[in-house]
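The values are calculated or read from the model by the stated rules, or taken from the named source; none is laboratory data. A quick note: this is a predicted structure, and the numbers were derived from the prediction, not measured. Using ideal geometry, Cβ is built from the backbone for each residue, glycine included, and neighbour counts are taken over all protein chains shown.
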Amino acid sequence: MVDELPVASVRLIGVLPHLDRPFEYAVTPATAAAAAGMRVRVRFSGRDTEGIVLGRHEHPSTDRALAPLHRLVSEDVVVPPAMMRVCEDVAARYAGTVGDVLRLALPPRHARAEKADRAAAAKAEEAARAEPTSEATAPTGDAEQAVQVDDAGSAEDAESTSGTPQTAEPRTAEPRTADRYPGLAALLSRAGSPEGPVPRASITLDPVDAWTVVTAEALEGLDPAHGALVIAPDQRDVARLSRLLQERGIDHEVLAGTEGPEKRYRTFRRILRGATRIVLGNRSAAFAPVQDLALVICWDEADDLLEEPRAPYPHVRAVLQCRSREERCALLFLSSSDSVPLHALSEAGYLARLEPVPAPVTQVRPHIVAMDQYLRDREGPSGRSRIPQEAMRVIRTGITRGPVLVQVPRSGYVPAIACTFCGTRAQCPECSAQLSISHRGGHLHCRVCGRREDGYRCPECDRTQVRAMVIGSTRTAEELHRAFPSSPLKVSGGAHGALEDDDVTDDAIVVATPGSEPAPPGGFAAALLLDADAMLGRAAFDADIEAIRRWRGAISLVRTADEGGEVLVVGTATLPAIRDLVAHRSRVFLDRVLADRQDLDLPPFSRVAEIVGDKTACRSFLDSVELPDGTAVFGPVDLEGPDAGGRARAVVRLEPHRSRELADALRAGVASRSARKVPGSLRVRLDPPDVF
């Protein structure tokens, strides 16, 4: 053991839940450089286990002999103290282990990438020392002035970009999009302040305002000495923002889970040593160790891609809230449609709602019309069809001005079938999955087990005739191609993959599923939102809110009414969700949804946890766990469907102000079950998105 601070406290990664606590190890001369936040390897239960050093101290807390630190993996402080607190908060909130959260936060170490980055950093430092003395010893005021001129870069990069300073004059001559939201400037002025309340806000953008432009202008308005983190749901969003920042000369790094291990770890180390102050990424970048973090921006937090599928299943929104609290960084949510969680946080006073400067509706969004009773009656029988003549008119006139977007809920040909007589869904008799048709003239088949069903009979009425419940994007494209044979037709989403923005021609018709829509540079001339009732009829308690979010995402890609943009919604025009879509910046429907959820004790007015596992394991867990008084328990009930696998599910619910009690109880129950080595698989998940 070393003489100075010979005891190291280590948090292990990848251990069982009941072992999720710090362990003490002896510091050897070979590991004397170990410090808080560094990666180490230790022997634990006969295995070589990875861990993070929490700190060093003089005396152990036990009289037993301590095992030595096996190896110091790297002298990089990969988990700063603030990030460790964030990981502990996330684990406590979601009844998980700190080790699992650390596994989400840290990319796997790549020795070659680390060696190359160390060499690059040493070379850059040597080059900086070799520069002329006149530049190296420039007065502090001049250095600060150089940093302020190049507000696109960081303090480290100011000297390298000072030869070609970024001038804001070409852009400031035009109105800034961010200026339409006056509260944004106030938020940026408070970002990074060590005193006072931490600014947190949400902005529901008008369709005319691109989130990438607002984000870029916010980053330009941030003090260049501070860091910023931008999170977007998928890689296409990140790539769009990255291209815009490159055009504006804003230095940044992209940290994405889609990158290879070597490139990702090299990017991680550059961020860790402060080589760049602005980081973009998707869900995996929520824990990025940005230096001097002052601003966090999240785009479209309601997208299900921001829900972590690995234990303890944290949502990016909660992770960023923890970072805002622990690191005192400003938090800004941008979206095209307000979500229930953000609306509730705004009503509770946690988030400030930043409104735009009032402007004529025709200047900020397209002309939106729902296929109401008047339009249907005027058409006659065709007005009740899936694609009425009014929809054909929108496409016909739209392609003369630019590309046209057609949004459909599902991909494929005919993804859902039902009995013509009684409406019962056609299910596979083998595995209970939905039957579908994959191409024109195809047979009924199961997409899960592959069974072909030639002689289908309805189990309810014994009829053999079936009809399509939902028409997919492939079938829709086939119908539109027959109606508009001279126009290029593109399909985006599903097996066709996502269509790139530059692949959309001026007279193209693009059929896309929600989330796969391309964003052509000039915007779409028109959009058609088909099967609105089917999207609202999805079997989920938040189907209406999610439908509005997807529709508004498509609407944000269409030109304004002054530029000729128009949108037609084909559905029941009297439904509250569709009426809310037609209204401009209306919150009536969302207020009603929140009121209904409060009456029914649904989230966000309750904290909900889902327990899924083997039937015996699920029941024994509910019998043994000590839930707080007042916790409502529903189930367990047997799961149904092709993925049931003989498992059961239970749901527990408690009022939100006692949510930490519920998380602590479930966490203790899982740890106790692990310590007793109870057989059977079990998964505990708090705030599951599809619980009801």
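Which of the helices (runs of 4 or more DSSP H) contained wholly in the range 199-314 include at least 1 residues that are under 24 Å from Tyr350 (Cα atoms)?
The qualifying helices (runs of 4 or more DSSP H) are 211-221.
Among the residues of the range 1-45, what is the count of those that are more than 20 Å from Ala91 (Cβ to Cβ), of a type in the set (Asp, Glu) and under 33 Å from the mean Cα position of the chain (by Cα)?
Number satisfying all stated conditions: 0.
What number of residues in the range 592-618 are more than 24 Å from the chain's Cα centre (by Cα) and part of a helix (DSSP H, G or I)?
10
Name every residue in the range 500-522 that is closer than 22 Å to Ala547 by Cβ and assigned to a loop (DSSP other than H, G, I, E, B), in order of residue number.
Scanning the range 500-522 gives Thr513, Pro514, Gly515, Ser516, Glu517, Pro518, Ala519.
Give me a count of the residues in the range 128-143 that are modelled with pLDDT of 50 or more and either surrounded by 10 or more Cβ atoms within 10 Å (Cβ to Cβ) or outside any helix (DSSP H, G or I) (or both).
4
Out of Ala36, Ala8, Ala95, Ala113, which single residue is assigned to a loop (DSSP other than H, G, I, E, B) and buried (at least 18 other Cβ atoms within 10 Å of the Cβ)?
Ala95
Of all residues in the range 449-465, count the ones that are among the β-branched types (Val, Ile, Thr) and either surrounded by 15 or more Cβ atoms within 10 Å (Cβ to Cβ) or touching a Leu at 6+ places or on another chain (Cβ under 6 Å) (or both).
0
Since Ala539 meets every condition but one in (1) out of contact with any helix residue (DSSP H, G or I) (no Cβ under 9 Å at 6 or more places or on another chain); (2) under 28 Å from Arg386 (Cα atoms); (3) without any contact (Cβ under 8 Å) to a residue 40 or more places away in the chain; (4) part of a helix (DSSP H, G or I), which condition does it not meet?
Of (1) out of contact with any helix residue (DSSP H, G or I) (no Cβ under 9 Å at 6 or more places or on another chain); (2) under 28 Å from Arg386 (Cα atoms); (3) without any contact (Cβ under 8 Å) to a residue 40 or more places away in the chain; (4) part of a helix (DSSP H, G or I), only one is false for Ala539: (4).
Residue check: is Arg597 within 30 Å of Val570 (Cα to Cα) and not acidic (Asp, Glu)?
In short, yes.
Any chance you could count how many residues in the range 438-482 are under 32 Å from the mean Cα position of the chain (by Cα) and over 20 Å from Ser492 (Cβ atoms)?
Final tally of qualifying residues: 5.
Just give me the residues in the range 188-227 being among the aliphatic types (A, V, I, L, M), buried (at least 22 other Cβ atoms within 10 Å of the Cβ) and more than 17 Å from Leu244 (Cβ to Cβ), in sequence order.
Listed by number, the residues that qualify are Leu188, Ala191, Ile203.
Only residues in the range 256-272 that are of a type in the set (Asp, Glu) count as the first member; pair them with residues that are part of a helix (DSSP H, G or I), Cβ under 8 angstrom, at least 6 apart or cross-chain, and list the lot.
Note: pairs meeting the criteria are Glu259/Thr267; Glu262/Arg112; Glu262/Ala113.
Within the range 243-260, how many residues are of a type outside the set (Ser, Thr, Tyr), at pLDDT below 90 and either surrounded by fewer than 16 Cβ atoms within 10 Å (Cβ to Cβ) or touching a His at 6+ places or on another chain (Cβ under 8 Å) (or both)?
Of the residues in the range 243-260, 2 are of a type outside the set (Ser, Thr, Tyr), at pLDDT below 90 and either surrounded by fewer than 16 Cβ atoms within 10 Å (Cβ to Cβ) or touching a His at 6+ places or on another chain (Cβ under 8 Å) (or both).
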